[in-house]
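A.B. asks: Please find one structure pasted underneath; my questions will follow.
The values are calculated or read from the model by the stated rules, or taken from the named source; none is laboratory data. It should be emphasised that the depicted structure is a prediction, and the values quoted were computed from it without experimental measurement. Here the Cβ is made from the backbone with ideal geometry for all residues, glycine too, and neighbour counts use every protein chain on show. Just the protein is used for accessible areas: all its heavy atoms, side chains included, with ligands, DNA and RNA removed. Shrake-Rupley method; radii C 1.70, N 1.55, O 1.52, S 1.80 Å.
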Amino acid sequence: MADETDFVDLYARLQLQPGCTLAEFKQAYRRYVAQWHPDRRREGRADALATRRMQRLTRQYAAAMVFHRRHGRLPGAPLPERGAVAVPEPLAIVADGVPEATVTVAAESLPTRTLSARWWLSIGLVGVAVMTWSLMPAAEVSDRDNESVGPYLPAPRGDVPLNTRVPDLALGMDEDQVLAIEGEPDRRLDDRWEYGPSWLSFDRHRLSDWYSSPLHGLHASSPRPPR
């Protein structure tokens, strides 16, 4: 009915302005109910008039509360400031059976949820997966794989082109042959050449002995020359 949304008449009866607060609106409505409730007017015509007034006002009040619940403000009130949101307050039943609606609060007063519980759960699962992967032992290389790779040989020290087969050291090689294989030594001591912890020994400029350390191997088939 048209009189349900006649909010101008509603504010006039409650003696309020459209910009009033929700608390003032409710208080004025309760005061009107206390004044015009039919149970307080048992005078025949006055009782019937009070009943009609209460029925119309109740419908208008209910329509105003529905408007507030949908828009976060009372009918005719100015729009909420930017950043304000409407949140429901605990519902309560007033004397006429109309539930309380909502109140408008500043957004700054609300707690901020930066991440949902599902997002935090996803982050935790990813962290567990990364930790599990980092603790897994490295894959072991089988003997068959080792056979396909072959024994480790250090890179030649001399000016040997790539993809060139470097010969092994052999007793009796002269110094030039040794230099072509191993390159310049780290240090020369008379008839002894040192390559880190490994060394070569010469007798009359001919290779007579060597030691190939596993820490810095020579191009030799064995740590010591065969005898």
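A.B. asks: If the Cβ limit is 8 Å and pairs must be 6+ apart or interchain, which residue in the range 174-188 that is within 14 Å of ARG204 (Cβ to Cβ) pairs with which residue that is charged (D, E, K, R) and open to solvent by less than 60 Å² (accessible area, probe 1.4 Å)?
C.D. replies: Sorted first by the residue in the range 174-188, then by its partner, the list stays empty.
A.B. asks: Moving to a separate point now. Looking at the range 207-226, which of its residues are closer than 9 Å to LEU171 by Cβ and out of contact with any helix residue (DSSP H, G or I) (no Cβ under 7 Å at 6 or more places or on another chain)?
C.D. replies: Within the range 207-226, SER208, ASP209, TRP210, PRO225, PRO226 qualify.
A.B. asks: On the basis of being open to solvent by 50 Å² or more (accessible area, probe 1.4 Å) and either modelled with pLDDT of 80 or more or in a helix (DSSP H, G or I) (or both), does ARG82 make the cut?
C.D. replies: The answer is no for ARG82.
A.B. asks: If you go through the range 62-73 one residue at a time, do you hit one that is at pLDDT below 85 and surrounded by fewer than 17 Cβ atoms within 10 Å (Cβ to Cβ)?
C.D. replies: No, because not a single residue in the range 62-73 is at pLDDT below 85 and surrounded by fewer than 17 Cβ atoms within 10 Å (Cβ to Cβ).
A.B. asks: Continuing with this model, one more query. Give the residue that is most open to solvent (accessible area, probe 1.4 Å), with candidates limited to residues of the range 1-26 that are without any contact (Cβ under 8 Å) to a residue 12 or more places away in the chain and closer than 18 Å to ARG69 by Cα.
C.D. replies: GLU24
A.B. asks: Does the range 106-115 include one or more residues that are at pLDDT 50 or above, over 30 Å from ARG70 (Cβ atoms) and out of contact with any Phe, Trp or Tyr (no Cβ under 6 Å at 6 or more places or on another chain)?
C.D. replies: No, every residue in the range 106-115 fails to be at pLDDT 50 or above, over 30 Å from ARG70 (Cβ atoms) and out of contact with any Phe, Trp or Tyr (no Cβ under 6 Å at 6 or more places or on another chain).
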